[in-house]
Amino acid sequence: MIPFNSFKKHTLFHKKEILDSIEKVFDSQWYVLGNEVENFESSYSNLTKVKNTVGVASGLDALVIALKALNVGPSDEVIVPSNTYIATWLAISAVGAKIIPVEPDINTFNICPISIEKAITKKTKVIMPVHLYGQSCDMDAIMKIAKKYNLFVVEDNAQSQLGTWNGKYTGSFGDINATSFYPTKNLGAIGEAGAITTNTESYKIFAKTYRNYGSNEKYVNIIKGVNSRIDELQAGILNVKLKYLKEFTNERKEIAARYNNNLKDLREINIPYVSPEADHVYHLYVIKTSKREELIKFLLENNIQTGIHYPIPPHLQKAYSELGFKKGDFPIAENMSKICLSLPLYPGLTFEEVDLVCDRIKKFYR
Ligand SMILES: *Cc1c(COP(=O)(O)O)cnc(C)c1O
């Protein structure tokens, strides 16, 4: 069986080092917001060339806290992709702002800057680009629009750690940005964790205070915060895994290149399109196929698992029925939800396995 995802190398490979880091925290008798968190925050900032990182409990919390830092609320509109993981939308709902979905570019699957500009109104406060599947959005165009209309940018960088646009890391463009260390992400914890990244000192201070009950000094509360601290144990684990992120990102790219090479001449499918300005870090390798259900079944019969990211776009989820969207409102997102198929891709997947997957896909179409 070739699984869709595996932690064999991504996590288990570092067993000894990770268990040592857990033991270190265990022995330190300091379990919340200690040295591991501080080290992780500065290491992640250095690696991704951003001034500040603030660790929080999850990627969703990071998105919510980013919007809170910008004082986004019920009278504001937030522009967000029509095709994204539901968390991006949920963050906007959490602060009570209005969700303004914008369709993606059909090639990159990423939010289309031209459509962003058309969706701007007097109430627009934030643009929330999502670097879907590991490819950066067109951040030059998006930052230019934000500047022109005086809007904030909050990047959802959950899927694109170490991805770049024109050489600059995702998560370092926007005013205040969010990422996730959910176990399957390119940098994954062994549990829940996320972070905010920002070049603005005041947003860093807000995030640090807000995640900790609105307090910087014990029993002195200056704002109404929450408890969304990154776990000291997870920070220790992430400190180990961060050292291998570049190496594993390169491995992801090599696997993707192998898929591309094997599949590029197969006319019945589309391999991922990558903008020349983007360095794609392949959180996911997503092809387009009009025979998705049959192909999934055929691959499963051949012991190959695949994934769908995502089968139902947010506007058609029951959770968002109150917004009154219906089928046909966002045709590109809806079409993507029907034709996208994610192939196995993770550190440790061998070229032989990639070749086997490709061979079976070709067999399906013969
Ligand atoms: C994973 C993910 C999130 C949420 O991260 P969690 O840590 O699971 O809360 C948000 N946005 C996108 C695009 C994601 O892929």
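The values are calculated or read from the model by the stated rules, or taken from the named source; none is laboratory data. In this text, all values refer to a predicted model and were calculated from it rather than measured experimentally. Because the Cβ atoms are built from the backbone with ideal geometry, glycine has one as well, and the counts that use them run over all protein chains shown. Side chains are part of the model used for accessible areas, which takes the heavy atoms of the whole protein and leaves out ligands, DNA and RNA. Shrake-Rupley method; radii C 1.70, N 1.55, O 1.52, S 1.80 Å.
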Quiz prompt | Lone unmet requirement of (1) within 23 Å of residue 203 (Cα to Cα); (2) free of Cβ contacts under 8 Å to residues at least 40 places away in the same chain; (3) more than 16 Å from the ligand (Cβ to nearest atom); (4) not in a loop (DSSP other than H, G, I, E, B) for residue 141 | solution = (1)
Quiz item: What number goes with the only condition from (1) more than 30 Å from residue 7 (Cα to Cα); (2) more than 16 Å from the ligand (Cβ to nearest atom) that residue 239 does not pass?
Solution: (1)
Quiz prompt | Candidate set from the stretch 145-156 (those that are outside any strand (DSSP E or B) and in contact (Cβ under 8 Å) with a residue 12 or more places away in the chain); member that is farthest from the ligand (Cβ to nearest atom) | solution = 149
Quiz item: Under the condition of being assigned to a helix (DSSP H, G or I) and open to solvent by 50 Å² or more (accessible area, probe 1.4 Å), which residue from the stretch 307-331 is farthest from residue 134 (Cα to Cα)?
Solution: 322
Exercise. Collect the residues in the stretch 30-63 that are open to solvent by 10 Å² or more (accessible area, probe 1.4 Å), in contact with a Leu (Cβ under 8 Å, 6 or more places away or on another chain) and not acidic (Asp, Glu), keeping them in residue-number order.
Key: 31, 43, 47, 60
Self-check item: helices (runs of 4 or more DSSP H) wholly inside the stretch 222-302 that include at least 1 residues being more than 30 Å from residue 20 (Cβ to Cβ)
Solution: 245-263, 292-301
Quiz prompt | Wholly within the stretch 173-218, strands (runs of 3 or more DSSP E) carrying at least 1 residues that are more than 16 Å from the ligand (Cβ to nearest atom) | solution = 194-198, 215-217
Quiz item: So residue 121 clears everything in (1) within 15 Å of the ligand (Cβ to nearest atom); (2) of a type in the set (Val, Ile, Thr); (3) assigned to a loop (DSSP other than H, G, I, E, B) except one condition, right? Which one?
Solution: (1)
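For (1) in a loop (DSSP other than H, G, I, E, B); (2) closer than 20 Å to residue 317 by Cβ, each residue gets a yes or a no:
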| site | (1), (2) |
| --- | --- |
| 78 | no, yes |
| 84 | yes, yes |
| 93 | no, yes |
| 115 | no, no |
| 136 | yes, no |
| 158 | yes, yes |
Quiz prompt | Test for residue 86: is it open to solvent by 10 Å² or more (accessible area, probe 1.4 Å) and at pLDDT below 95 | solution = no
